[in-house]
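Bear in mind that the values in this text are calculations on the coordinates, not laboratory data. Nothing here was measured: the structure is a model prediction, and the numbers come from that model.
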Amino acid sequence: MNQELIDQIKRIVERVLQEQTPISTQITHEKRLLAIFGATLLELDEPIQQLHTCRENGWKITIILSDLATKVTNLEPIHVAFGEENVLQENALNNITTFLETYQHIVLPVFSYPMAAKLALRLVDTPCTYLVFEALSKGKQVIAASDTLHQGEVSVKTGPIFSKLENDYVNALAELGVQLVPMTQIAESVVERVSGSRAIVEKTLISATTISNLDADVRELVYASPAIITPLAREHAKKRGIELIPKS
């Protein structure tokens, strides 16, 4: 079989695979960020400023308010900053799977004790905690403001027992994959994580195994063109937030 015939077969196979690949598995170039606000009595100026910085860097931001947040938190600054059309309430969520597919990055700007404790103990009995837990299980980025756990929101925060419990929660969250950062570094952490690194492959067939073997921080995969990319490889790349770029 001569090279010309081989190239012709490759082009035919590639075209068929692309036609059979569902639209939902195509890589999106739009930067989407999901911010989940738990209950807090703290001022929201800094969290809102961090998200505003993300928006200035091209991120489209959607806010979800936990049920408890709607009862104890002053929500007016959030509505003013992001518009009511971009702010959703936890109890109104009816298709969590859509959020998991749409957003590669989740931020918890005010990481309250109730939400931290539930996630650490795997008690995912609310839409917000379930969404975050499922996102972590799929390898998506979850950034949480660590300092909100140390600002005296809980009146019983005294003694060594409470301190040990807090440390246990922090360790459990880290094991789950939650990236705990100071509130003032939320925007910086989002940008750093997304910029990530670039991998280059010379293969003419990109399979799911190719994607699985990439380092965890890879955000761009440059491949030789023309190449065959299997539908499963595209799906894996999308779940990991990896952009597929043909080599020019």
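Laid out as a table, the results:
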item: Cross-link pairs K140/K247; K138/K238; K60/K239; K31/K118 - those with Cα-Cα distance over 22 Å; result: K140/K247; K31/K118
item: Extension gain, E101 back to V72 (0.36 nm per residue minus Cα-Cα distance, nm); result: 7.4 nm
item: Note, ³J(HN,Hα) from phi for region 107-123, Karplus 6.51, -1.76, 1.60, rounded to Hz, x at Gly and Pro; result: 10, 10, x, 10, 8, 6, 4, x, 5, 4, 5, 5, 5, 4, 8, 6, 8
item: Tensor-based shape of region 198-248 (alpha-carbon gyration tensor, a/c under 1.5 rounded, otherwise prolate or oblate); result: oblate
